[in-house]
Each structure stands twice: as structure tokens, then as C-alpha cells.
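The values are calculated or read from the model by the stated rules, or taken from the named source; none is laboratory data. The structure displayed is predicted, hence computed values, not measured ones. All Cβ positions, even for glycine, are placed from backbone atoms using ideal geometry, and neighbour counts span all protein chains on display.
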């Protein structure tokens, strides 16, 4: 696969740790946006922060962690991230190379021999209103997109993925929701949609045959901005 990265430097007194943003393209078919390049204030070390949402923390038994005040402990969970040490190293290196060059152009690296594509969708049924299923999609056994949701629309079931809130003066509300990670071609959109919907149908079929444990789907279902919508079924 081909990984292409373009970064922009950023300086703002209100965000002293933020040093820049990165956009990452995978085979010119999928795009990851809103990657942040940060600086640790205590050591001046530069690090990369992939897009994330705040979720409730779970212990090793899958139970939510509660603090001394009786409040849920929360943590940030990456929306899209590498799942192997090698893929994380390649992605981080490509982003830092682009950031250090600071030429406004895409820096491209090759990773593996396969094209970037969905290879496994684990989608579980949900009892949350308007959401048929929720889960994750693995790409080329190297990266994963979390909190993918299956919803019902006028043309049937479709997938939805985590979004961020951005300003848009053309909108009546003054803002809009934009996906962190998304396909850029019709064929790759259809490819991802089919993978997600087929993943949910597989779960449904296995459940009918009483041979599938859907308890793994008892995760917190988030809306597109990280707010809790309840639990999966």
C-alpha cells in the first residue's frame, strides 16, 4: 500500500502543545484527517496524537471503572490506529518526515505488498435507537477503524463513522460534522459499506444459529462525537 502524508505547522498561544496537523492518504482511496503533532511541555518531545474520542474506562474484566467520587473514569480512545508495531512505526515516521520537511507537499512511503482495503469487519447488534450495529473494521491486517455504526436509511442500511465538529459559516448552525476517516472514491465507499453491512449480517446469522457470542458487543455505543448512547445488545 502507499501511505502519503501532508502536514502543516501550527502556532497558537491558546494551544501551546499543538505544533501542527497531518492528513494521511492510503492508496489515494481513503483519508485520515485531524492528526495532531504535539509537543510535551516538560521535555519538548514531539509526538503524534491520532484522532480520538473520550470513552469510559474499563478494567481487565470489562467493568467500568468508578473513582472515589462515584464518577466514571474516562480516557481517550483512538478512532483510527495501527494494530501492529510495524504499521505504527511506518505511519509515525511518515508523519514526522513530512513535518520536518515542512514543504507543503505529500511525503509518500510504501508499506507491504497489499493494497489498503477492509479485511475484517466485526460488527455487533445494537439495541440503541436508530443504530442497527456497532463495531470495528480492520484494514489490510495493519490498521483499524473503531466505533463504526450501521444505520437505516431511505436506501437501506449504511455505515457511519466517528466525526468531529468543525466551523462552517455557510451552515445555519455555524458548524458541521466531518468524518475523521473516510473513503474518497465511490468504489472504496461501496467496498467499506459492503464490508460493514456484511459483518453485521454475519453476526445476525450466527446468532440465529445459536453459535455466536454477541456478549462482546456489550460495549458502550457512542454517537458520532463521543457521547454515550447506551450499550450494544
Test set (1) on the phi < 0 side of the Ramachandran plot; (2) in contact (Cβ under 8 Å) with a residue 60 or more places away in the chain - residue 147 fails condition number: (1)
Tally, over segment 112-121, of residues that are in a strand (DSSP E or B) and either surrounded by fewer than 19 Cβ atoms within 10 Å (Cβ to Cβ) or free of Cβ contacts under 8 Å to residues at least 24 places away in the same chain (or both): 2
Segment 150-187 - residue that is free of Cβ contacts under 8 Å to residues at least 12 places away in the same chain and part of a strand (DSSP E or B) and, of those, farthest from residue 23 (Cα to Cα): 156
In the set 125, 146, 78, the lone residue that is closer than 30 Å to residue 206 by Cα, in contact with a helix residue (DSSP H, G or I) (Cβ under 8 Å, 6 or more places away or on another chain) and modelled with pLDDT under 95 is 125
Based on what the data block shows, is residue 90 assigned to a strand (DSSP E or B) and either surrounded by 14 or more Cβ atoms within 10 Å (Cβ to Cβ) or on the phi > 0 side of the Ramachandran plot (or both)? no
Return the residues of segment 154-174 that are surrounded by fewer than 13 Cβ atoms within 10 Å (Cβ to Cβ) and farther than 15 Å from residue 196 by Cα; say none if nothing qualifies. 154, 155, 165, 166, 167, 169, 170, 171, 172, 173, 174
Only unsatisfied item for residue 109, checking (1) touching a helix residue (DSSP H, G or I) at 6+ places or on another chain (Cβ under 6 Å); (2) buried (at least 16 other Cβ atoms within 10 Å of the Cβ), is (2)
On the basis of being outside the structural domain of residue 10 (by TED's automatic domain parsing), surrounded by 12 or more Cβ atoms within 10 Å (Cβ to Cβ), modelled with pLDDT of 90 or more and in contact with a strand residue (DSSP E or B) (Cβ under 9 Å, 6 or more places away or on another chain), does residue 99 make the cut? no
Determine whether residue 92 is outside the structural domain of residue 147 (by TED's automatic domain parsing) and modelled with pLDDT under 95. no
When only residues in segment 42-61 that are in a loop (DSSP other than H, G, I, E, B) and under 21 Å from the mean Cα position of the chain (by Cα) count, which is farthest from residue 97 (Cα to Cα)? 57
Among the candidates 156, 217, residue that is modelled with pLDDT under 90 and farther than 30 Å from residue 86 by Cβ: 156
Which condition number in (1) more than 19 Å from residue 161 (Cβ to Cβ); (2) buried (at least 19 other Cβ atoms within 10 Å of the Cβ) is the one that residue 139 fails? (1)
